[in-house]
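Here is the structure we will look at, set down as structure tokens.
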Amino acid sequence: MPEIQPLKRVRLREVWPNEALDFTPWLADNIDLLGAKLGLSLEQVQKEVTLQDAGRVDIYARQAETGAKVVIENQLEESDDSHCLRLLGYAANAEANILVWVARAFSSYHKSILEWLNDADTIHVYAVTVRAYRVGEVLAADFHTVVEPPQSQPGPSRSANKHSNTLFAEFYRPLVARLRQRGVQPMGRGGWQGRWRSFQSEHPDVVYATGLDGEKAKVFLSLKGTDHQQRYCALLRHRDEIDGKVNGAVWGQEGGESWDSCVMLESDETVSLTSPEEILETARQWMADNLILLRDTLQPHLDQLMRVEDAASDAVEGTD
């Protein structure tokens, strides 16, 4: 029978004597372990990066599926005000989509601040504790999430004073639930927030999305990544066929420079967060119906495009 060793908790400083020299590099090298705990696929790690107007961050990463920017602040002691202040600075100035604070433990005061940030629905914030163990001569570590963003479920916000981002969240919750029932899955953690919501396409760097922008309801396909222009041009070859099924589609920069490599539909009706509920509901239904129409029209072309890309990639690898 194999010998079973007891699991003994050890001080973090016994494993990582120095926070900057030992713990931050280890966390960057094992970013997949942290991502697995949070349900995020994290990549492209940079350590000790200086961001304009946001200062120096411990770790800067990216969520693979959505391209969401991730800032990670880490410490080996209990949460303190200096790290909390830096995290608030990142929230305001780093243009990050996700903030992760890793520490030995968190005070109730700091947890309440992070929960308040999550209620604002402008950014996803996680508080994660790290623990270290010894098993015989082997050291081990794991993570425990103590604060995370609320999931897109109906229900009142913890904040009594509703601002625009909370109202956006309340507008989108019924729409997201409706689209789930029709087979359109939201990006989930790390997805777009505020006035936008993003949905899965089953392909990397390609998302379907909805938006309330300029008092107009919009749905669109967004192509990102290094090959976005090539993919957009491939779709453009089928424009006549697509326009025959999706009346009024706006292609690329026809919608302005910010809509490069997009295919978009825009409602004729105006809507704002202060509109009566019946107008908001009409906008939700328009978004649901037209995002389904856009997906059903574009998805076969996307699938074929990705098959061609995969075949080309396999052919190149076969010549190596």
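The values are calculated or read from the model by the stated rules, or taken from the named source; none is laboratory data. Predicted model only: the values in this text are computed from it and were never measured. Glycine also receives a Cβ, built like all others from the backbone with ideal geometry; neighbour counts cover every protein chain displayed. Protein only, heavy atoms only, side chains kept; ligands, DNA and RNA dropped before computing areas. Shrake-Rupley method; radii C 1.70, N 1.55, O 1.52, S 1.80 Å.
Candidates are the residues of the range 121-134 that are in a strand (DSSP E or B) and open to solvent by 50 Å² or more (accessible area, probe 1.4 Å); the one that is modelled with the highest pLDDT is 131. Looking only at residues of the range 52-65 that are of a type outside the set (Asp, Glu) and open to solvent by less than 30 Å² (accessible area, probe 1.4 Å), we find that the one that is farthest from residue 19 (Cα to Cα) is 64. Within the range 172-179, one or more residues are modelled with pLDDT of 70 or more, within 17 Å of residue 196 (Cβ to Cβ), crowded, with 18+ Cβ neighbours inside 10 Å and more than 17 Å from the chain's Cα centre (by Cα). Within the range 256-272, which residues are closer than 14 Å to residue 211 by Cβ and crowded, with 17+ Cβ neighbours inside 10 Å? Scanning the range 256-272 gives 259, 262, 263, 264, 265, 266, 267, 271. Taken over the range 27-47, the residue count meeting the criterion of being touching a residue at least 24 places away in the same chain (Cβ under 8 Å) and open to solvent by 60 Å² or more (accessible area, probe 1.4 Å) is 2. Evaluating residue 226 against the criteria (1) of a type in the set (Ser, Thr, Tyr); (2) open to solvent by less than 90 Å² (accessible area, probe 1.4 Å); (3) within 26 Å of the chain's Cα centre (by Cα) leaves one unmet condition, (2).
Of the candidates 37, 47, the single residue that is modelled with pLDDT under 95, charged (D, E, K, R) and closer than 19 Å to residue 124 by Cα is 37. Within the range 73-115, being crowded, with 18+ Cβ neighbours inside 10 Å, within 20 Å of residue 130 (Cβ to Cβ) and of a type in the set (Gly, Ala, Ser) holds for 79, 103. Scan the range 19-44 for residues that are outside any loop (DSSP other than H, G, I, E, B) and more than 27 Å from residue 199 (Cβ to Cβ) and the total you get is 12. Number of residues in the range 1-18 that are assigned to a loop (DSSP other than H, G, I, E, B), open to solvent by 30 Å² or more (accessible area, probe 1.4 Å), in contact (Cβ under 8 Å) with a residue 24 or more places away in the chain and not polar (S, T, N, Q) equals 2.
Going by the structure shown, is residue 58 farther than 25 Å from residue 206 by Cα, without any contact (Cβ under 8 Å) to a residue 40 or more places away in the chain, touching a Ser or Thr at 6+ places or on another chain (Cβ under 7 Å) and not basic (Lys, Arg)? So residue 58 passes the test.
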